1. Please tell me if Asp439 is within 30 Å of Arg336 (Cβ to Cβ), surrounded by fewer than 21 Cβ atoms within 10 Å (Cβ to Cβ), more than 31 Å from the chain's Cα centre (by Cα) and in the same structural domain as Ile536 (by TED's automatic domain parsing).
2. Would you mind finding the one in Tyr216, Tyr225 that is in contact with a strand residue (DSSP E or B) (Cβ under 6 Å, 6 or more places away or on another chain) and either of a type outside the set (Gly, Ala, Ser) or surrounded by fewer than 24 Cβ atoms within 10 Å (Cβ to Cβ) (or both)?
3. When both residues are 6+ apart or on different chains and their Cβ atoms are under 9 Å apart, which pairs have a first residue that lies in the stretch 20-34 and is free of Cβ contacts under 8 Å to residues at least 40 places away in the same chain, and a second that is surrounded by 16 or more Cβ atoms within 10 Å (Cβ to Cβ) and in a helix (DSSP H, G or I)?
4. Check the stretch 84-101 and report whether any residue there is more than 23 Å from Pro181 (Cβ to Cβ), in contact with a strand residue (DSSP E or B) (Cβ under 9 Å, 6 or more places away or on another chain) and not in a helix (DSSP H, G or I).
5. With the structure loaded, tell me whether Gly294 is crowded, with 24+ Cβ neighbours inside 10 Å, closer than 23 Å to Phe128 by Cβ and out of contact with any strand residue (DSSP E or B) (no Cβ under 7 Å at 6 or more places or on another chain) or whether it fails that test.
6. Give all pairs with beta carbons closer than 6 Å in which a residue from the stretch 296-318 that is at pLDDT 95 or above meets a residue that is assigned to a helix (DSSP H, G or I) and among the aromatic types (Phe, Trp, Tyr); count only pairs at least 6 apart in sequence or on separate chains.
7. Quick one: which strands (runs of 3 or more DSSP E) lie wholly within the stretch 334-450 and hold at least 1 residues that are closer than 30 Å to Asp470 by Cβ?
8. What do you reckon, is Val72 within 29 Å of the chain's Cα centre (by Cα), surrounded by 17 or more Cβ atoms within 10 Å (Cβ to Cβ) and under 30 Å from Gly94 (Cβ atoms)?
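The values are calculated or read from the model by the stated rules, or taken from the named source; none is laboratory data. The shown structure was predicted, so the numbers you read here are calculated from the model rather than taken from an experiment. For neighbour counting, all protein chains shown are included, and Cβ atoms are generated from backbone atoms with ideal geometry for every residue, glycine included.
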Amino acid sequence: MTLNSTIEAVTDRIIQRSRHTRARYLSRMAQAAEEGPRRGHLTCGNQAHAYAAMGADKDALVAEKMPNLGIVTSYNDMLSAHQPFEKYPQFIKGVARKNGATAQVAGGVPAMCDGVTQGQVGMELSLFSRDVIALSAGVALSHNTFDAAVYLGVCDKIVPGLVIAAATFGYLPGIFIPAGPMTSGIPNDEKTNVRKAFAKGECDRATLMKAEMASYHGPGTCTFYGTANSNQMLMEFMGLHLPGASFVNPGTELRDALTGHATKRALEITKLGNQYTPVCDVLDERTFVNGLVGLMATGGSTNLVIHIIAMARAAGVLLDLQDLSDLSDATPLMARVYPNGLADVNHFHAAGGLGYMIGELLSAGLLHPNTKTVYGNGLKDYHAEPHVKDGEVTWGKGATNSENEKILRPAKDPFQKAGGLKQLQGNLGRGVIKVSAVDPDRHIIEAPARVFSGQAEVKAAWRAHKLDRDCVIVVRFQGPKANGMPELHGLTPTLSVLQDRGFNVALVTDGRMSGASGKVPAAIHVAPEALDGGLIAKIQDGDMIRVDAVNGTLDVLTEGVAERDAATPDLSDNGHGIGRELFEVFRQSVGRADDGAGVVV
């Protein structure tokens with residue numbers, strides 16, 4: 001199938017824009033690779049320290065004839081998605097030994113849960129945790145004793161941070177090993193209705209708690225299609241997972257078999273063999289385009305807009321919001337998974353899942369088929385279905401038909417002809433909007449502004465019935481420089497209720513919404529942010545705001561706004577409490593949201 005002209009043009013544009021940064025990056029990776037196996041550069045004393053606790057594996061490590069895998073793990077048992085990783089290191093070490101190789105836990109990285117910190121002070125550390133994870137993985141791999149790495153991570157900032165580290169150590173081969181989603185709980189629409197009822201005071205907290213616990217109920221990723229599961233999709237579309245690995249439930253025979261096969265594959269692609277596949281070769285411009293197409297086709301998380309820009313920069317690839325918007329226009333929306341529908345990721349996987357989507361998108365010329373992957377022969381091999389027999393994985397042909405077209409549709413007959421994300425640009429700056437779950441009648445909202453400096457203020461005004469009107473809720477001083485850019489997920493039920501009452505409502509913010517942002521039009525990630533000279537700092541109540549997802553514009557229509565003095569925020573409490581003191585240097589040095597909001601890249 002001939003490559004779609006828009007996919008080709010955007011890819012060529014990215015290659016041209018990135019030619020200098022990518023060339024410098026690849027030159028550094030080539031120089032590092034030429035130095036040979038990393039252990040060969042350690043002194044005897046260095047090696048003795050590294051192998052002191054390795055028991056029977058010491059001789060193999062010293063001999064340097066077989067690979068040594070570095071395991072970078074984000075295990076903790078507070079995150080349901082990461083709890084299964086507890087036993088992975090021992091399992092991986094056992095597989096390595098059976099294949100004559102060795103493996104060591106290189107180090108751990110932090111993994112915080114946005115579900116726990118939503119609406120709490122800790123959320124102000126969430127975005128920055130991505131950079132901390134990259135730094136932590138860098139420390140883990142700096143011991144220079146590994147021939148390849150396996151990365152254990154799933155959730156929101158963890159996978160992007162690990163990808164940034166994997167790209168930085170791009171001369172090393174690396175495979176990402178997921179844990180899979182938890183089994184399905186109560187239906188997502190039932191959970192949503194309880195949340196809205198609680199927001200309206202129609203049910204008590206005990207009822208809300210019962211619904212939440214029935215939804216988030218066991219080991220594995222939360223089953224809605226938020227940032228965590230968007231990460232898993234991305235790793236598969238970008239060829240860093242094994243085919244079909246993303247959405248296999250924890251604790252199953254197939255899950256264990258995929259983990260074992262990923263370990264063996266990591267051993268096969270080191271520089272000690274003849275299938276050397278460093279991460280720097282996997283993460284090229286075409287791979288990032290494939291990832292973006294996957295994001296658009298599935299209606300994925302808005303958080304990935306920030307993260308994929310930062311991940312790409314770590315590999316010398318320069319992405320722009322216009323690239324994302326153009327790719328979205330060319331990509332059909334093929335999936336309806338909550339919050340874009342009622343199904344969860346288990347239902348999506350059963351309907352055909354990522355293998356079906358990749359096959360369809362390849363046939364439509366919307367993906368680059370010959371990118372390098374950790375599996376071997378290009379993305380075309382990812383239209384496959386893994387099966388297990390006698391503890392080993394084999395791959396058969398992937399689904400060629402959707403098993404449920406209410407969840408998953410073919411590329412030629414999609415839910416929408418264009419993908420789920422749009423760039424917005426106007427006198428208020430640049431931002432993005434997720435439209436995959438927004439009714440087309442609400443793609444353009446023009447209404448007076450109601451201005452706030454935090455989501456608590458919005459909720460207070462709503463409880464006082466001061467928002468029962470058409471309005472654009474402007475929530476500013478929520479950008480990375482101001483307070484770390486916390487998600488404003490707590491506004492979703494409030495704004496949904498206003499919309500359900502018949503009001504034309506939109507949100508404009510320099511902050512983030514949740515990866516589960518849904519049916520209320522929300523212009524988010526507005527840059528420059530209010531604390532960095534953005535016009536959003538000069539908006540006043542009553543100014544007319546136009547959010548236009550059809551034409552991709554974001555403007556204040558009231559004259560004279562630019563001549564006003566900017567509002568002065570009270571940020572006196574932003575620098576202390578729950579560890580915020582430790583992140584002052586991050587707030588001072590972080591980049592703009594449309595550049596990936598990075599500290600380390």
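1. On the way: within 30 Å of Arg336 (Cβ to Cβ): yes; surrounded by fewer than 21 Cβ atoms within 10 Å (Cβ to Cβ): yes; more than 31 Å from the chain's Cα centre (by Cα): no; in the same structural domain as Ile536 (by TED's automatic domain parsing): yes.
Spelling it out, it is not the case that Asp439 is within 30 Å of Arg336 (Cβ to Cβ), surrounded by fewer than 21 Cβ atoms within 10 Å (Cβ to Cβ), more than 31 Å from the chain's Cα centre (by Cα) and in the same structural domain as Ile536 (by TED's automatic domain parsing).
2. On the way: Tyr216 fails: in contact with a strand residue (DSSP E or B) (Cβ under 6 Å, 6 or more places away or on another chain).
So the residue among Tyr216, Tyr225 that is in contact with a strand residue (DSSP E or B) (Cβ under 6 Å, 6 or more places away or on another chain) and either of a type outside the set (Gly, Ala, Ser) or surrounded by fewer than 24 Cβ atoms within 10 Å (Cβ to Cβ) (or both) is Tyr225.
3. Arg28/Cys280
4. yes
5. On the way: crowded, with 24+ Cβ neighbours inside 10 Å: yes; closer than 23 Å to Phe128 by Cβ: no; out of contact with any strand residue (DSSP E or B) (no Cβ under 7 Å at 6 or more places or on another chain): yes.
No: the conditions fail for Gly294.
6. Ala312/Phe288; Gly316/Tyr25; Val317/Phe288
7. Values: elements: 384-389, 392-397, 421-426, 429-434.
The strands (runs of 3 or more DSSP E) meeting that bar are 421-426, 429-434.
8. yes
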